[in-house]
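A quick write-up on the structure given underneath.
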Amino acid sequence: MDKQINNNDATVDMFGFEGVSLSDIEQLTEEQDSNRWPEAMRDMHDLLKRQLESEGADPAIAIKLLSEICKTFGGMQFYLPRGHHLEVMLIHLNIWNDFTGDNVVQLSRKYDVSMQHIYRVVAKMRKREIKKHQPELF
């Protein structure tokens, strides 16, 4: 999906069509016809656009990203988790990175968990680090 410049208008290849004008697509998403889009697609487009704007990236890329998501996952029905497992993993990683050996009480307060939980996280992360650097022999 290479970006091409034609007459100062950015174009892309989308859904198998070459030279689709991003400004035309953007205009379509803002018109009344956008109500014909499935609600989930409109929500995803708005989310991608907001996130790109907040990161200082061109929000017009949102439609390209949505196109790729549709091509990759279109027609599938799947459960999209809320990301709790990822959140827990990130907390564990932060605890591991903040752990100095003598700050269990401070970490339990910072992360609002018990000292025993901090010890379990540290043991789990230590085991992960050892496994990463020392392969199993058998």
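Some values worked out for this structure:
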| item | result |
| --- | --- |
| Tally of residues being part of a helix (DSSP H, G or I) and of a type in the set (G, A, S) across region 84-138 | 2 |
| Some residue of region 41-63 being polar (S, T, N, Q), surrounded by fewer than 12 Cβ atoms within 10 Å (Cβ to Cβ) and not assigned by TED's automatic domain parsing to the domain that holds S21 | no |
| Where a residue in region 98-123 is under 16 Å from V88 (Cα atoms) and its partner, wherever it lies, is of a type outside the set (D, E, K, R) and outside any helix (DSSP H, G or I), with Cβ under 7 Å and at least six apart | L107/F99; S108/S114; V122/F99 |
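The values are calculated or read from the model by the stated rules, or taken from the named source; none is laboratory data. It should be emphasised that the depicted structure is a prediction, and the values quoted were computed from it without experimental measurement. Cβ: placed from backbone, ideal geometry, glycine included. Neighbour counts: every protein chain shown.
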